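Presented below is the structure to which this report refers.
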Amino acid sequence: MNTNTLDKLKILANAAKYDVSCSSSGSNRPNTNKGIGDAAPWGICHSFTEDGRCVSLLKIMLTNVCMYDCAYCINRRSNDIPRTTFTAIELADLTIEFYRRNYIEGLFLSSGVLQNPDYTMGQMIEVVRLLRKQHRYNGYIHMKSIPGASPELITQAGLLVDRMSVNIEIPTENSLKLLAPDKSYSSIMLPMQSINRGILENKEDRNKYKTTPRFVPAGQSTQLIVGATPENDRQILSLASTLYQSQHLKRVYYSGYIPVNNYDKRLPALASPPLVRENRLYQADWLMRFYFFNVDEIVNDAHPDLDLELDPKLGFALRNPHLYPIDINKADYEMILRVPGIGVKSARLIVASRRYGRLNAEHLTKMGVVMKRSRYFITTNELSSPTVNEVQPEYLRSMILNEKKKPRKKRGQDGQLELFTDLHFLA
Amino acid sequence: MNLFIYDGSFEGLLSLIFEAYDRKVFPDKIIRKQQYTKAIFDEPLEIVTNNAQGERVWRGLQKKLSHESLSMVYRVFLSELPEADMLILKYVKLVFDSKQRIETNFANETVLQMTQIWQKVSREAHRVPMFLRFALTADGIYYASYEPKYDVLSLIIDHFKSRFADQKWIIFDIKRRYGYHFDGLEIQRITFEDDCIDKKTGLPDAEILATDEKAYTALWKTYFKAINIEERKNLRLQKQLMPKRFWKLLPEMN
């Protein structure tokens, strides 16, 4: 490896870093013929950078040369930045060397648009083909599909990689037109649909013939940029919900907009990226995928945006006090999941254990339930603390927010006292 | 007080349990021989490991526990926590004494404690494939030092065997001073004179490493820096997801 490689790596990793996807899960590719690598069904993170994001895959661009001029993108044509391109051989070698040292779980390959979408896709496919055929590499590969690439190339790529993604980036067509004049919604949605169709057909074929090669076995994902355009959370989450249902996406990623092109007046001037909003969107996304929530229950006409101060489950509970308290010893699993302070893990423990006898508050605490939160929303064998209805949702809200303002260390220490002051108003 | 001492092996602990049932005397305290220093009034019962007896206990458990719970018992043993052996004994007694299955009764203190230690050990085992780093030596072996909190290497070596099927490797626990060597065909448990390993970085001496090795470390460090987004700096989150105790063996953190 020469210094040239080091410089290219620096430029092209830096150019790829705004893509938030890093997941390496969902595939199941065994090591065959004593080659190198396998893809575990669960993802593995290998490190964490100073921003707290996981490093799982070698997230890299083949080139940061791009013929498009998207307003929100660091690599846009009109930016005067150092440009470079990896050769397919260089990039395949680098992936293997990193992989052998257990630095990474695989490759996440993306690219600027070089010459035209099909040419770029062809180059990317060459990297992946070298890995699979020449290096006999069975590890994880995530490839970004270039908007506008032909269906034939997408099929070719899909047979080599584990996951594909087409980034929507901008949540509505109008905003996309404004910010990315070279792209169109159809150039994004058509590949997505064709990947989805490919996956569904492949599943059927594999049911008939076990030897059918896998097509995108880890499914597809996409990314939405949040805060660069005026869409509200309802528009964003409704789009995500539709994508999960109709396109069977494995993940929708939300990326808080980081102003990389401050000079472009079509974009808002933000002092800092909207990280809290991004976090709330992920929490809402979790509610849709693992907690059986409907998008309308999280955001709707009356509440088009998520509450930045409270997590969306707590928000839901405070807006719907009539559904509570929930009887821990009787309620369905789905209802127990709707209690603030109870996660999937503790909900499962509760449902498994209550067959042996009735559960009380002490049991719940030991199982990991955050009683400080949940006690307003449940009844147990003996618990008779005031519920959300007695306390009143508005009061409970301000109480919780006050408690959050306290410095972190103090909160743990005076837990007992806190219980006392919380209930003070009842006296 | 009944004090039982055994050789620190899993078979030894099972023999101890057999012995306790056989004598109808149960210990108030169990100590692994390596950790034992005799106190003045101690009258310890020293257990002799007997594989046949251990096997009988294990078969008894197999009849009453799922595969998962059996693996839990072994993993709690690997935690090496001071309370682990007594807890296992308590759990085994609970299993043998109960008419119905108790494995999912998490309201029971013993079951819950077992589950919690099991989760800790499993998490530690899961972290090996995350934070372990190989360095290539001049004779073509990928070497990695590791220092897990619990004795988990045996749980995870199969992962490396199937993933790195075409490379020779050594994974060495620098705290417990043993490791595993894969020669391309089989895995063997090994110990060796580890003077050539720098205890601070976990790296073999420079002359043992392959000539390019430094260049690859530099590439990795460059990548690690370039992929970070400065505007999103969150050191607390980084530390939470990658606890500091792992940092010293990670090239990107040094």
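The values are calculated or read from the model by the stated rules, or taken from the named source; none is laboratory data. Values in this document were obtained by computation on a predicted structure and should not be read as measured data. As a convention, Cβ positions derive from the backbone with ideal geometry for all residues, glycine included, and neighbour counts pool all protein chains shown.
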Exercise for the section: Report, by residue number, each residue of the range B:168-182 that is assigned to a loop (DSSP other than H, G, I, E, B) and either touching a residue at least 60 places away in the same chain (Cβ under 8 Å) or in contact with a strand residue (DSSP E or B) (Cβ under 6 Å, 6 or more places away or on another chain) (or both). Expected result: B:174
Handout entry: Criterion: over 25 Å from the mean Cα position of the chain (by Cα) and buried (at least 20 other Cβ atoms within 10 Å of the Cβ) - qualifying residue of A:127, A:113
Key = A:127
Handout entry: Enumeration of residues in the range A:89-106 that are away from chain B (no Cβ under 12 Å) and buried (at least 18 other Cβ atoms within 10 Å of the Cβ)
Key = A:91, A:92
Problem - Members of the range A:38-54 that are assigned to a loop (DSSP other than H, G, I, E, B) and either small (Gly, Ala, Ser) or crowded, with 19+ Cβ neighbours inside 10 Å (or both) - result: A:38, A:40, A:43, A:44, A:45, A:46, A:49, A:52, A:53
Handout entry: Flag if residue B:24 is under 25 Å from the mean Cα position of the chain (by Cα) and surrounded by fewer than 17 Cβ atoms within 10 Å (Cβ to Cβ)
Key = no
Handout entry: Residues of the range A:130-167 classified as among the charged types (D, E, K, R) and without any contact (Cβ under 8 Å) to a residue 40 or more places away in the chain, total
Key = 3
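Looking at the range B:95-102, can you tell me whether even one residue there is surrounded by 20 or more Cβ atoms within 10 Å (Cβ to Cβ), modelled with pLDDT of 95 or more and more than 12 Å from chain A (Cβ to nearest Cβ)? Lay out the reasoning, then the answer.
Of the residues in the range B:95-102, the ones surrounded by 20 or more Cβ atoms within 10 Å (Cβ to Cβ) are B:95.
Checking the rest, the ones that are also modelled with pLDDT of 95 or more come to B:95.
Checking the rest, the ones that are also more than 12 Å from chain A (Cβ to nearest Cβ) come to B:95.
Yes; the residues of the range B:95-102 include at least one that is surrounded by 20 or more Cβ atoms within 10 Å (Cβ to Cβ), modelled with pLDDT of 95 or more and more than 12 Å from chain A (Cβ to nearest Cβ).
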Problem - Residue tally, condition crowded, with 20+ Cβ neighbours inside 10 Å and closer than 30 Å to residue A:43 by Cα, over the range A:168-198 - result: 8
Exercise for the section: Please verify whether the range A:332-348 includes one or more residues that are modelled with pLDDT of 90 or more and over 20 Å from residue A:289 (Cβ atoms). Expected result: no
Handout entry: the range A:259-277, subset out of contact with any Leu (no Cβ under 8 Å at 6 or more places or on another chain) and within 13 Å of chain B (Cβ to nearest Cβ), residue surrounded by the most Cβ atoms within 10 Å (Cβ to Cβ)
Key = A:274
Exercise for the section: Select, from B:211, B:201, B:222, B:217, the only residue that is in a loop (DSSP other than H, G, I, E, B) and surrounded by 14 or more Cβ atoms within 10 Å (Cβ to Cβ). Expected result: B:201
Exercise for the section: Determine, yes or no, whether residue B:62 is closer than 22 Å to residue B:117 by Cα, within 25 Å of the chain's Cα centre (by Cα) and modelled with pLDDT of 95 or more. Expected result: yes
Practice task
Determine, yes or no, whether residue A:325 is away from chain B (no Cβ under 14 Å) and surrounded by 21 or more Cβ atoms within 10 Å (Cβ to Cβ).
Solution key: yes
Practice task
Would you confirm whether any residue within the range A:76-87 is touching a helix residue (DSSP H, G or I) at 6+ places or on another chain (Cβ under 9 Å), of a type outside the set (Lys, Arg), part of a strand (DSSP E or B) and more than 7 Å from chain B (Cβ to nearest Cβ)?
Solution key: yes
Exercise for the section: Quick one: which residue in A:356, A:333 is buried (at least 16 other Cβ atoms within 10 Å of the Cβ), farther than 27 Å from residue A:402 by Cβ and free of Cβ contacts under 8 Å to residues at least 40 places away in the same chain? Expected result: A:356
Exercise for the section: Answer yes if at least one residue in the range B:195-212 is in contact with a Gly (Cβ under 6 Å, 6 or more places away or on another chain) and either modelled with pLDDT of 95 or more or closer than 18 Å to residue A:98 by Cβ (or both), and no otherwise. Expected result: no
Exercise for the section: Could you check, for the range A:255-263, whether at least one of its residues is modelled with pLDDT under 95, hydrophobic (A, V, I, L, M, F, W, C) and outside any helix (DSSP H, G or I)? Expected result: yes
Exercise for the section: Given the conditions (1) exposed (fewer than 15 other Cβ atoms within 10 Å of the Cβ); (2) out of contact with any Ser or Thr (no Cβ under 9 Å at 6 or more places or on another chain); (3) part of a loop (DSSP other than H, G, I, E, B); (4) without any contact (Cβ under 8 Å) to a residue 60 or more places away in the chain, report the number of the one that residue A:230 does not fulfil. Expected result: (2)
Practice task
Test residue A:74 against the stated conditions and say whether it is assigned by TED's automatic domain parsing to the domain that holds residue A:260, at pLDDT below 95 and farther than 25 Å from residue B:127 by Cβ.
Solution key: yes
Fill in the blank from the handout: Within the range A:19-37, restricting to residues that are within 9 Å of chain B (Cβ to nearest Cβ) and surrounded by 20 or more Cβ atoms within 10 Å (Cβ to Cβ), the one that is farthest from residue B:250 (Cα to Cα) is A:31
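Tell me which residues, restricted to the range B:226-254, are outside any loop (DSSP other than H, G, I, E, B), within 9 Å of chain A (Cβ to nearest Cβ) and free of Cβ contacts under 8 Å to residues at least 24 places away in the same chain.
Within the range B:226-254, B:226, B:230, B:231, B:232, B:235, B:236, B:237, B:238, B:239, B:240, B:241, B:253 qualify.
Table: residues versus (1) within 13 Å of chain A (Cβ to nearest Cβ); (2) at pLDDT 95 or above; (3) within 25 Å of residue B:62 (Cβ to Cβ).
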site	(1), (2), (3)
B:110	yes, yes, yes
B:124	no, yes, no
B:135	yes, yes, no
B:154	no, yes, yes
Completion exercise
When residue B:66 is run through (1) touching an Asp or Glu at 6+ places or on another chain (Cβ under 8 Å); (2) more than 14 Å from every other protein chain (Cβ to nearest Cβ), the failure sits at (2)
